[in-house]
Amino acid sequence: MLKPGLMMDRPLLISGILEHAAAQYGAVEVVSRETHGPLHRSSYSEVARRSKKLAHALQALGLEAGQAVGSIAWNNHRHLEAYFAVSGSGMVLHTCNPRLHPQQLIYIINHAEDRVVLFDSTFAPLVKGIAAHCPQVQAWVCLCDADQMPGVRAGTEGVANVLCYEELIAPHSEQFEWPEFDERTAAALCYTSGTTGNPKGALYTHRAIVLNAFSGCQPNVLSLSSRDTVLPVVPMFHINAWCIPYAAPIAGSRLVLPGPRLDGASLYELMEGEHVTVSAGVPTIWLALIQHVQQHGLRFTTMKRTAVGGSAMPQALIEQYDALGVEVRHGWGMTETTAVATISALTGAEMGLPAQARHAIVARQGRSVFGVEIKVVDEAGRTLPRDGVSQGELMVRGQWIINGYHKAEASPLVDGWFPTGDIATIDPTGIMQIRDRTKDVIKTGGEWISSIDLENAAMAHPAVAMAAVIGVKHPKWDERPLLFIVRKPGQTLEKDEILGFLAGRVAKWWVPDEVVFVDALPVGGTGKVQKAELRKQYGGIFSA
């Protein structure tokens, strides 16, 4: 018979993160670049006080536990306050991706049943366009000062009950007793992007978020500590900024929020000015940043490491950051995994390998973090060996993996595992590599081509700024790869040169049949290349 232990049973709640930070790291700075440009400086103790004022204000608006509060906002201090005020008081924070099509935004606000929506002034025109189609929203609260409200009200003319955040929280007390409840209570809601049909909602629990935030502090994940200054470039509307706004206060890390300016020059200025040591974001961000650094002959003086996810980071880009003294940790996760599930932090033995071998390991998506299990299966659902060669669909389960979608009747799980839609391999040391998305892998003459591997090979050419590959219907071979190239400024790369370059790096039958040079690739709100747009425009190129 099992013997029960004699330990306290305290719930893992988001409010506990904020109370810990305020008590132990109250003076640690939270720096926020405002929507209109200037830097705002506060601290964890001030975030705690203002979060409590917002919790009072939401209750005064008539909101109750379990109801949803939407946000359409950048990474800034008021959005951070909402992270804690909404979930801490038992409500559900629904972070909305402002770059979704307005019809999809309307759908998710109505599907989530948002009662109040917080928005940055940048998005006043967006709010004006969708408000009439969101009848359940009782108030639209602009995350701004009172002196900015005349312009906001002009931009939202015709929208009922547009309120000012600072005026809303001003009369309320800084004292608030955070309620205690089951840690499996819903805390936040995030909808998938880039899916066919309507976005699907991942409804995170307090337990899942707190556990994932704990994992971010581990040495083999982000290794956050009170000696770090962390800048999450990944948006707070995208999988809760990979839970960094929760992990940073747990660790006592100084937190820098970049606002809307995510270009290379703005990020470099902020990183250097605020002595940032750790960051996180998608590869397109790091590409723009490295181009700015290289073009101006700059260096990083404090940056030590960055986590990269969302899509594959080319090995050539990893090498460039390593040359500048910045360690890249390549991770994998998705909306359905709350945030990080695997990451490529090197072991002691791997650190001793030659540079090229180290970079090749980092270019993969790494080992699963504690709390998450992974496997790959074939089309019949049989588990494939961890030999680094056998590829199949990646399956995941764990402490912060969803078991269903919000308001969906059918569960997506297969025998208790979540099917990710990614094609992957796992090697004998546990390192996972995404080979492609099931919808992006290219089948030509009965054989498979990885669009990710082709893209990474093309990115190794010194004249290539960005590359994308899609499979296009072909009258003879079923599908053939089509390569898109964005040249670096001042470069004159042509078709024959890039195809010849690839011929020395991939199998002959992998070499694309055609190359399209473009000024820019279509990128979505989470920084991923929108291949569906490329297929729509170029899907008939081989049958024309």
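The values are calculated or read from the model by the stated rules, or taken from the named source; none is laboratory data. It should be emphasised that the depicted structure is a prediction, and the values quoted were computed from it without experimental measurement. A quick note on method: Cβ atoms are made from the backbone with ideal geometry, for glycine too, and the neighbour counts reach across all protein chains shown.
Inside segment 136-148, can you point out the residues that are touching a helix residue (DSSP H, G or I) at 6+ places or on another chain (Cβ under 8 Å) and either more than 18 Å from LEU58 (Cβ to Cβ) or assigned to a strand (DSSP E or B) (or both)? First the steps, then the outcome.
Here is the first cut: in segment 136-148, the ones touching a helix residue (DSSP H, G or I) at 6+ places or on another chain (Cβ under 8 Å) are 136-137, 140-146, 148.
Across segment 136-148, the qualifying residues are TRP140, VAL141, CYS142, ASP145, ALA146, GLN148.
Of all residues in segment 189-241 being in contact with a Leu (Cβ under 8 Å, 6 or more places away or on another chain) and assigned to a loop (DSSP other than H, G, I, E, B), which is modelled with the lowest pLDDT?
So, considering only residues that are in contact with a Leu (Cβ under 8 Å, 6 or more places away or on another chain) and assigned to a loop (DSSP other than H, G, I, E, B), the one modelled with the lowest pLDDT is SER193.
Taking LEU105 as the residue in question, decide whether it is out of contact with any Gly (no Cβ under 7 Å at 6 or more places or on another chain), assigned to a loop (DSSP other than H, G, I, E, B), among the aliphatic types (A, V, I, L, M) and within 24 Å of PRO199 (Cβ to Cβ). Explain how you work it out, then say what you get.
Values: out of contact with any Gly (no Cβ under 7 Å at 6 or more places or on another chain): yes; assigned to a loop (DSSP other than H, G, I, E, B): no; among the aliphatic types (A, V, I, L, M): yes; within 24 Å of PRO199 (Cβ to Cβ): yes.
So LEU105 does not fit the description; no.
Among GLU183, GLU167, GLU177, GLU157, which is the only one that is buried (at least 18 other Cβ atoms within 10 Å of the Cβ), over 21 Å from PHE237 (Cβ atoms) and out of contact with any Asp or Glu (no Cβ under 8 Å at 6 or more places or on another chain)? Step through it out loud before you land on a result.
Details: GLU167 fails: buried (at least 18 other Cβ atoms within 10 Å of the Cβ); GLU177 fails: buried (at least 18 other Cβ atoms within 10 Å of the Cβ); GLU157 fails: buried (at least 18 other Cβ atoms within 10 Å of the Cβ).
Going through GLU183, GLU167, GLU177, GLU157 in turn, the sole match is GLU183.
Would you pick out the residues in segment 471-491 that are under 24 Å from VAL523 (Cβ atoms) and out of contact with any strand residue (DSSP E or B) (no Cβ under 7 Å at 6 or more places or on another chain)?
PRO489, GLY490, GLN491
What single numbered condition from (1) surrounded by 18 or more Cβ atoms within 10 Å (Cβ to Cβ); (2) within 28 Å of LEU222 (Cβ to Cβ) fails to hold for GLY392?
Failed condition: (2).
Restricting the search to segment 141-154, which residues are crowded, with 20+ Cβ neighbours inside 10 Å and in contact (Cβ under 8 Å) with a residue 40 or more places away in the chain?
LEU143, CYS144 - these are the residues of segment 141-154 that are crowded, with 20+ Cβ neighbours inside 10 Å and in contact (Cβ under 8 Å) with a residue 40 or more places away in the chain.
PRO38: within 19 Å of CYS164 (Cβ to Cβ) and without any contact (Cβ under 8 Å) to a residue 24 or more places away in the chain, yes or no? Before the answer, list the steps.
Numbers: within 19 Å of CYS164 (Cβ to Cβ): yes; without any contact (Cβ under 8 Å) to a residue 24 or more places away in the chain: yes.
Yes; evaluated as a whole, the condition is true for this residue.
For the structure I just gave you, tell me whether ARG261 is farther than 24 Å from MET313 by Cβ, in contact (Cβ under 8 Å) with a residue 24 or more places away in the chain and basic (Lys, Arg). So that I can check it myself, show each step before the final result.
Numbers: farther than 24 Å from MET313 by Cβ: no; in contact (Cβ under 8 Å) with a residue 24 or more places away in the chain: yes; basic (Lys, Arg): yes.
Criteria not met by ARG261.
Looking at ALA280, ALA312, which one is assigned to a strand (DSSP E or B) and either at pLDDT below 95 or closer than 30 Å to ARG437 by Cα (or both)? Write out each step before concluding.
Working: ALA312 fails: assigned to a strand (DSSP E or B).
Checking each option against the conditions leaves just ALA280.
Mind listing whichever residues of segment 86-106 are of a type outside the set (A, V, I, L, M, F, W, C) and at pLDDT 95 or above? Give the derivation first.
First, pick out the residues of segment 86-106 that are of a type outside the set (A, V, I, L, M, F, W, C): 87-90, 94-95, 97-99, 101-104.
Passing the criteria: SER87, GLY88, SER89, GLY90, HIS94, THR95.
Looking at segment 447-466, can you tell me whether even one residue there is under 23 Å from the mean Cα position of the chain (by Cα) and farther than 30 Å from GLN491 by Cβ?
Checking segment 447-466: not a single residue is under 23 Å from the mean Cα position of the chain (by Cα) and farther than 30 Å from GLN491 by Cβ.
If I ask for residues that are within 16 Å of LYS304 (Cβ to Cβ) and aliphatic (A, V, I, L, M), which ones from segment 271-288 would you list?
Applying the first criterion (within 16 Å of LYS304 (Cβ to Cβ)) to segment 271-288 yields 271-272, 274-281, 286.
MET271, VAL276, VAL278, ALA280 - these are the residues of segment 271-288 that are within 16 Å of LYS304 (Cβ to Cβ) and aliphatic (A, V, I, L, M).
Among the strands (runs of 3 or more DSSP E) lying completely within segment 1-93, list those that include at least 3 residues that are buried (at least 18 other Cβ atoms within 10 Å of the Cβ). Talk me through it step by step, then tell me what you get.
Working: elements: 29-33, 39-43, 68-72.
Answer list for segment 1-93: 29-33, 68-72.
Is it the case that segment 482-491 has a residue that's charged (D, E, K, R) and at pLDDT below 85? Write out each step before concluding.
First, pick out the residues of segment 482-491 that are charged (D, E, K, R): 487-488.
Filter once more, so that each one left must be at pLDDT below 85: none.
The answer is no; no qualifying residue exists.
So, GLU336, is that one within 17 Å of the chain's Cα centre (by Cα), among the acidic types (Asp, Glu) and not in a loop (DSSP other than H, G, I, E, B) or not? Talk me through it step by step, then tell me what you get.
Details: within 17 Å of the chain's Cα centre (by Cα): yes; among the acidic types (Asp, Glu): yes; not in a loop (DSSP other than H, G, I, E, B): yes.
Considered against the rule, which asks whether it is within 17 Å of the chain's Cα centre (by Cα), among the acidic types (Asp, Glu) and not in a loop (DSSP other than H, G, I, E, B), GLU336 comes out as yes.
Please report, ordered by residue number, the strands (runs of 3 or more DSSP E) entirely within segment 441-544 with at least 3 residues that are in contact (Cβ under 8 Å) with a residue 24 or more places away in the chain and either polar (S, T, N, Q) or more than 21 Å from ALA424 (Cα to Cα) (or both).
Details: elements: 442-444, 447-449, 464-474, 478-487, 514-517.
Strands (runs of 3 or more DSSP E) meeting the threshold: 464-474, 478-487, 514-517.
Which one of VAL328, VAL256 is farther than 24 Å from ALA363 by Cβ and not in a loop (DSSP other than H, G, I, E, B)?
Working: VAL328 fails: farther than 24 Å from ALA363 by Cβ.
Step by step, each of VAL328, VAL256 is checked, and only VAL256 is farther than 24 Å from ALA363 by Cβ and not in a loop (DSSP other than H, G, I, E, B).
Counting just the residues of segment 430-465 that are among the polar types (S, T, N, Q) and modelled with pLDDT of 80 or more, which one comes out nearest to MET395 (Cα to Cα)? Walk me through how you get there before you give the answer.
Let us first name the residues in segment 430-465 that are among the polar types (S, T, N, Q), namely 433, 438, 444, 450-451, 456.
Adding the requirement that they be modelled with pLDDT of 80 or more leaves 433, 451, 456.
Values: GLN433: 13, SER451: 20, ASN456: 24 Å.
Only one residue fits best here, namely GLN433.
Output the residue which, of all residues in segment 494-544 that are polar (S, T, N, Q) and within 22 Å of SER311 (Cβ to Cβ), is farthest from the chain's Cα centre (by Cα).
Per the stated criteria, the residue is GLN537.
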